[in-house]
């Protein structure tokens, strides 16, 4: 009998759901995240949007920030992001920027939507040009707009890290 390749991640998914339940019991919303690499938990988090008045403090982002504090920005690369609910577009993008290798989630977007968390439409915005978004976006190339970039490259000898 062949085992499920995700069996080793099941305890982390269960822990994410447990964290979500604890947060709900404290009056929060049911989203949590865990960043794992090589069996080591690098960071955990739950959705803190309301607590912090920060619309970017989604559970996955909070967990990624905690992991980066522990392992360094590039130390998170190659990790697995475990989420109690399927990440929204913001969280998927954050995972990409942190070079997460694998995302595993418990509840999908349809389940979240059934409980009042309708974020499925967040994915489509990234398929359109920002000038078509519901916010006003204006390019204002003032004189010297390239200078900070030039100074950055000069100061860093052409390296971005």
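Rule-based calculations on the coordinates, nothing more; no lab input. Because the structure is a prediction, the values reported are computed rather than measured. For neighbour counting, all protein chains shown are included, and Cβ atoms are generated from backbone atoms with ideal geometry for every residue, glycine included.
Each label was represented as a point 7 Å from its Cα along the Cα-to-Cβ direction; for residue 115 and residue 147 these points are 5.3 nm apart. Distance between the modelled labels on residue 123 and residue 53, one decimal in nanometres: 3.4 nm (7 Å Cα→Cβ projection). Counting beta carbons within 10 Å around each of 80, 56 and listing the fewest first gives the order 56, 80. Spread over its residues, the convex hull of the C-alpha atoms of the stretch 28-78 is 69 Å³ per residue. Exposure proxy ranking for 14, 143, 60, based on other Cβ atoms within 10 angstrom of each Cβ and starting from the fewest, stands as 143, 14, 60.
Shape class of the stretch 1-102 from the Cα gyration tensor (axes a ≥ b ≥ c, square roots of the eigenvalues): oblate, since a/c reaches 1.5 or more and a/b does not exceed b/c. Among 70, 136, 110, the residue with the largest mean-square fluctuation in a Gaussian network model of the chain, with springs joining Cα atoms closer than 10 Å, is 136.
Report, in deg cm²/dmol and to the nearest 500, the calculated mean residue ellipticity at 222 nm for the chain, where each DSSP H run with n ≥ 4 adds -39500 (n - 2.57) and the sum is divided by the residue count. The partial results should precede the final answer.
On the way: 6 runs with 57 residues, N = 161.
One gets -10000 deg cm²/dmol as the mean residue ellipticity at 222 nm.
With Cα atoms as the point set, the stretch 56-143 shows a radius of gyration and Dmax of 15.5, 51 Å.
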